[in-house]
Amino acid sequence: MVVALSPEGAAAIFQCWQEERIGMMRAQIIDIRGISNPLAEAVREQARAVRGKPLPVLPLADFLAFTQTGERAAYEDAIFARHGRLALAGTAWLLDPGAETGAELADMLWQICQEPSWSLPAHLYKSGSDPLAKPGAIGLFLDLVSTDTGAMVAYLTHAAAGELPSALVDFIHFELQRRIFTPFLTRDWNWLHLENNWAAVCAGGVGMAALYGLSAEDKQRARIITRVATGMRSYIRGFGADGATEEGVDYWAYGLGHYIYFAQALAAETGDDHFLRAAKVPRMARFPFNASLFPGQYVMFGDMTKRTAAQPSGLMSFCAKVLHAPLTEPIRYSTVAESGSFNDLLHNIAWTDESLPVTPLPATTDLPSVAWHIVRQPAWAFAIKAGSNHVSHNHNDAGSWELVTPTQSVVRELGSGPYTRDYFDDRVRYTLPYTRSLGHSVPYVNGTEQVYQADTLTTLTVQEDGTAILNLTKAYPPAARLRRLLRTVRVTPQTVRITDQANFASPGNTFTTVLILPAAPTANAAAPDTLQLAGGWSMTFPAGGQATVTPLNLHDHDGQPYTAYRLSIQYAAGAAGEWTVQLTAPSSGRNQ
């Protein structure tokens with residue numbers, strides 16, 4: 001049972017706290033005392049508004065819902081709200097240390113450390129065992145949330161150690177040892193070897209917990225930092241030589257943020273800055289710039305949640321000032337809601353610099369490591385990808401593309417759907433519209449979709465004149481009967497022209513051109529092979545095709561409903577065929 005200290009009880013305990021710091025100083029604390037900026041003031045205001053109010057409960061039924069229905073939202077909403085309260089209370093105390101803020105911090109630490117687990121059921125059960133089967137095991141699993149929580153708890157306890165009840169500090173250190181340090185040192189966690197955001201978030205969280213939760217003389221700390229380095233190296237390997245990642249800008253911020261927060265803390269504490277000096281890190285820092293279609297608007301390939309997702313202002317400032325990454329738009333302070341974790345919130349307050357200059361986006365960007373090709377015009381932008389259908393947060397989307405204006409999509413990517421059990425079950429994932437190839441603007445060949453498997457690497461070559469040629473053959477299974485499938489893209493200031501050339505193993509085939517649209521196209525009676533698309537764009541396609549429009553009733557990552565449309569144009573083909581669609585901008589050259 002979770003026992004809460006009443007505001008009166010916590011305030012009374014605060015009066016008994018000792019003045020002197022206890023224990024040995026372990027790592028440097030970012031000093032934000034008394035600071036005033038828009039985010040700091042918002043923290044103060046929101047912390048006052050919720051101070052002393054009860055936390056959401058964590059019902060067993062919500063914990064078990066993932067295994068029974070596949071739903072995650074109820075439990076995750078509650079635990080994120082609880083941890084968000086600790087982040088808010090802790091930051092408020094860091095800003096204004098005192099009896100009132102200290103009492104709230106103590107109560108939040110007390111309650112968070114009584115949770116049965118800091119991990120999410122979706123991660124616990126995905127590990128392949130019943131986390132309730134062995135008493136105590138539920139609290140020992142290390143995932144994205146538990147490691148991040150450990151870092152937050154350790155930092156705040158270290159910062160306030162001399163002003164917290166010694167019994168509470170001892171209790172917290174016991175819980176950190178039990179939940180974080182011992183499990184980390186007694187198991188080879190698979191995420192240490194993943195080349196994606198998990199490696200940086202989990203390893204970085206454990207590393208920060210060790211820096212703030214263990215003394216320099218504790219032999220565990222050196223052992224932990226050594227193992228954390230494995231995760232950091234794995235994370236860096238997940239980026240190409242050009243600094244790109246298939247995971248998209250959202251997960252870039254999640255992973256690189258924790259990488260930088262740990263690396264900077266380690267450098268401040270020990271002088272070891274080699275993680276910050278890694279040769280690839282400055283190129284990684286440029287990824288949001290390279291993945292922008294317009295200032296503040298990003299390519300939506302993979303599990304991106306929204307095109308205009310705000311990135312942490314502290315991280316973006318650090319990347320610009322220290323790693324010399326260009327910015328597409330002026331930095332503004334992130335809001336409390338946009339600060340997804342305590343570390344984001346702390347560093348957004350401490351590091352944000354709104355005076356940094358911006359850099360115009362180039363006309364084209366090519367990212368060979370992920371096979372992305374981006375073309376920017378003043379009034380619209382186009383992006384297409386090749387690559388593999390076997391990557392982190394994978395979609396079966398080799399050859400997919402999007403065409404957008406600053407205010408709307410003309411041809412769209414769906415991005416991420418709601419995260420449920422099925423979404424991360426590979427046996428089911430590719431039946432969902434967000435991730436299957438029929439949810440992307442890619443060919444549908446002989447009634448066959450692209451497949452998720454290791455040998456699906458497709459290629460993109462950009463010629464000197466800007467023509468992009470994609471070889472999509474390997475994305476399709478043998479049932480597609482393809483010998484070769486090439487997609488050629490030519491972009492002019494007014495048009496996007498896409499030509500598919502297919503060679504088959506035998507005659508008697510069907511080839512379907514697919515476009516995912518934000519609005520249903522309308523026919524042109526005077527031109528039967530022309531359709532009107534969103535934004536005043538028109539599309540022409542070869543005669544002889546059978547066009548159908550299928551509404552897709554969907555939900556975005558946050559569960560909000562929306563509708564997209566799949567335009568399918570099916571053709572009969574012999575042993576080979578060629579089909580071209582051309583999209584033409586409004587004649588005025590302006591968006592409509």
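The values are calculated or read from the model by the stated rules, or taken from the named source; none is laboratory data. What you see is a predicted model; the values in this text were computed from it and never measured. FYI the Cβ positions are ideal-geometry reconstructions off the backbone, even for glycines, and counts take in every protein chain you see. The protein model used for the area step is the full one, side chains on, heavy atoms only, and it has no ligands, DNA or RNA in it. Shrake-Rupley method; radii C 1.70, N 1.55, O 1.52, S 1.80 Å.
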Task: Qualifying position, being at pLDDT 95 or above, more than 27 Å from residue 536 (Cβ to Cβ), in the same structural domain as residue 513 (by the TED database) and surrounded by 19 or more Cβ atoms within 10 Å (Cβ to Cβ), among 440, 395 - done: 395
Task: Residues of the stretch 549-577 classified as touching a residue at least 60 places away in the same chain (Cβ under 8 Å) and surrounded by 15 or more Cβ atoms within 10 Å (Cβ to Cβ), total - done: 11
Task: Positions within the stretch 298-324 being small (Gly, Ala, Ser) and open to solvent by 30 Å² or more (accessible area, probe 1.4 Å), in sequence order - done: 310
- [ ] Could you please find all residues in the stretch 138-171 being out of contact with any Ser or Thr (no Cβ under 8 Å at 6 or more places or on another chain) and modelled with pLDDT under 95?
- [x] 161, 162, 163
Open item on the list: So in the stretch 251-304, with the set limited to residues that are among the β-branched types (Val, Ile, Thr) and within 19 Å of residue 321 (Cβ to Cβ), which one is nearest to the chain's Cα centre (by Cα)?
Closed with: 260
Task: Close pairs from the stretch 139-153: first in contact (Cβ under 8 Å) with a residue 12 or more places away in the chain and farther than 14 Å from residue 187 by Cα, partner assigned to a helix (DSSP H, G or I) and of a type in the set (Lys, Arg), Cβ under 8 Å, at least 6 apart - done: 139/178; 139/179; 146/179; 150/179
Open item on the list: When the residues of the stretch 449-467 are narrowed to those that are part of a strand (DSSP E or B) and more than 26 Å from the chain's Cα centre (by Cα), which ends up nearest to residue 480 (Cα to Cα)?
Closed with: 461
Open item on the list: Take the conditions in a loop (DSSP other than H, G, I, E, B) and either small (Gly, Ala, Ser) or touching a helix residue (DSSP H, G or I) at 6+ places or on another chain (Cβ under 6 Å) (or both) and apply them to residue 326. Does it pass?
Closed with: yes
- [ ] Could you tell me whether the stretch 474-483 includes any residue that is over 30 Å from the mean Cα position of the chain (by Cα), surrounded by 14 or more Cβ atoms within 10 Å (Cβ to Cβ), under 25 Å from residue 372 (Cβ atoms) and modelled with pLDDT of 95 or more?
- [x] yes
Task: Set 549, 581: member being closer than 23 Å to residue 460 by Cβ and not small (Gly, Ala, Ser) - done: 581
Open item on the list: Which of the helices (runs of 4 or more DSSP H) found entirely inside the stretch 75-165 contain at least 1 residues meeting this: of a type in the set (Asp, Glu) and open to solvent by 10 Å² or more (accessible area, probe 1.4 Å)?
Closed with: 99-112, 144-160
TODO: Could you check residue 187 against (1) modelled with pLDDT of 95 or more; (2) basic (Lys, Arg); (3) not in a helix (DSSP H, G or I) and say which number it fails?
DONE: (1)
Task: Residue in the stretch 582-592 that is open to solvent by 30 Å² or more (accessible area, probe 1.4 Å) and under 22 Å from residue 400 (Cβ atoms) present - done: yes
- [ ] Please find, within the stretch 25-66, the residue that is farthest from residue 268 (Cα to Cα) out of those that are in contact (Cβ under 8 Å) with a residue 60 or more places away in the chain and in a helix (DSSP H, G or I).
- [x] 66
- [ ] Kindly indicate the residue of the stretch 331-344 that is without any contact (Cβ under 8 Å) to a residue 40 or more places away in the chain and crowded, with 16+ Cβ neighbours inside 10 Å and also nearest to residue 87 (Cα to Cα) among those meeting that condition.
- [x] 338
Task: Elements of type helices (runs of 4 or more DSSP H) contained in the stretch 191-273, each with 1 or more residues being touching a Gly at 6+ places or on another chain (Cβ under 7 Å) and open to solvent by 10 Å² or more (accessible area, probe 1.4 Å) - done: 219-237
TODO: Please indicate, with yes or no, whether at least one residue in the stretch 332-345 is over 30 Å from residue 561 (Cα atoms), at pLDDT 95 or above and over 17 Å from the mean Cα position of the chain (by Cα).
DONE: no
Open item on the list: Could you go through the stretch 512-527 and let me know if any residue there is at pLDDT below 95, assigned to a loop (DSSP other than H, G, I, E, B) and either open to solvent by less than 10 Å² (accessible area, probe 1.4 Å) or not assigned by the TED database to the domain that holds residue 405 (or both).
Closed with: no
